[in-house]
Amino acid sequence: MSPLTTVILTVVLIVLSALFVATEFSLVSSKRHRIEELAPTSRSARAALRSATELPILLAASQLGITVCTLALGATTKPAVHHALTPVFESTGLPTVAADVVAFILALVLVTFLHLVVGEMAPKSWAIAHPEKSAMMLALPMRGFMWVFRPILISLNHLANWFVRRSGVEPVSEVSEGQDPEALRELVQHSTDAGVLDPEYGESVNRVLDLRSATIGELAVPGDVSSIPAGATAKEAQQGARESGHLRLLVGSPGAYTGVVHVRDTLAAPSDDSPITPYVRPLLRMAGTTPLAVATNLMRIGRHHLALVTLEGGGSGVVTMADLLPRLLDLSKAHKEGEDA
């Protein structure tokens, strides 16, 4: 093989190895939702999404390509460099055996350096720095490679999965979309213990993570209900607001509330003896097991500032939007500090 042919073949093999490495790391590092945004207008994005659903096959294809390139470099470039360097060292006066050993070692180091640094580490760093861009750019060529060698890749993947299952781990076929709340909680705790994360900030993050399992029943105080009779007058509503300290009052009797009235609306009544019926608004009812996020959404959509919550084990309580916002926005501590000041 001529020197020029060897150089061209070496460059081709290193470039191919770099493409396989970049494909592997780009798809693992990329954010799927960013690629999905481009999928309607980009064929490459759609190809990348298909590869993301076949992660084991993609990784098998990448590893197969990298392995073949490595073996090919070892079978062609290393011997060529070895044979080219041996006469050079012999010309310096070294014995033939010594010259051959030195040339072999230098050839091995040179080829390993080119493959490791140029063919693997550099494309890996580039793919991690530009995951979505590299994933889409390399998706179509990789899909073609996977189509040609799919029977081999499937066989290799089945064999690998057999070994994985034997170790007690269930293989996955798609890229994970981030951390679950428990994993994030452990990460926050570890960062706090290591002194990397401020304890107060870590506590705030944990409170936010608690929102996933929090229910509206946790905010409702049993029996904390201010109400007035259904036939009350505007004057009675205003008197009830002054006594309870609440601007919004339930209308009706315990177990039979029909609505809610805001004392501000009763100020527009023609007289103090006017009934509150025209000013009664619908009452939002929900179970105490309703997730906090769902409850907030229901109150926001219906423009309800107050909800009657039925608690487990009987009883009921009232929750207002003012109760929800500090929990959702993690302003409880700031509110307390403001009151202390």
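The values are calculated or read from the model by the stated rules, or taken from the named source; none is laboratory data. Note that the coordinates shown come from a computational prediction; the quantities given were computed from them, not determined experimentally. Please note: Cβ atoms are built from the backbone with ideal geometry, for glycine as well, and neighbour counts cover all protein chains shown.
Here are the numbers for this structure:
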item: Candidates 96, 112, 77, 92, filtered to the one that is over 33 Å from the mean Cα position of the chain (by Cα) and buried (at least 16 other Cβ atoms within 10 Å of the Cβ); result: 77
item: Qualifying positions in the stretch 218-244 - in contact (Cβ under 8 Å) with a residue 60 or more places away in the chain and touching a Ser or Thr at 6+ places or on another chain (Cβ under 6 Å); result: 226
item: Long-range neighbours under 9 Å by Cβ, at least six apart or interchain, first residue closer than 15 Å to residue 139 by Cα within the stretch 1-26, second part of a loop (DSSP other than H, G, I, E, B); result: 26/130
item: Criterion: crowded, with 19+ Cβ neighbours inside 10 Å, among the hydroxyl-bearing types (Ser, Thr, Tyr), without any contact (Cβ under 8 Å) to a residue 40 or more places away in the chain and farther than 18 Å from residue 15 by Cα - qualifying residue of 86, 41; result: 86
item: Qualifying residue in the stretch 78-91 (condition: within 24 Å of residue 109 (Cα to Cα) and not in a helix (DSSP H, G or I)); result: yes
item: Residue within the stretch 163-185 that is within 20 Å of residue 24 (Cβ to Cβ), at pLDDT 85 or above and either of a type in the set (Phe, Trp, Tyr) or outside any loop (DSSP other than H, G, I, E, B) (or both) present; result: yes
item: Close pairs from the stretch 138-163: first within 17 Å of residue 52 (Cβ to Cβ) and touching a residue at least 60 places away in the same chain (Cβ under 8 Å), partner basic (Lys, Arg) and part of a helix (DSSP H, G or I), Cβ under 9 Å, at least 6 apart; result: 139/43; 139/46; 139/50; 140/43; 143/50
item: Of all residues making up the stretch 2-18, the number that are surrounded by fewer than 17 Cβ atoms within 10 Å (Cβ to Cβ) and among the aliphatic types (A, V, I, L, M); result: 7
item: Residue check for residue 93: at positive phi, of a type outside the set (A, V, I, L, M) and in the same structural domain as residue 148 (by TED's automatic domain parsing); result: yes
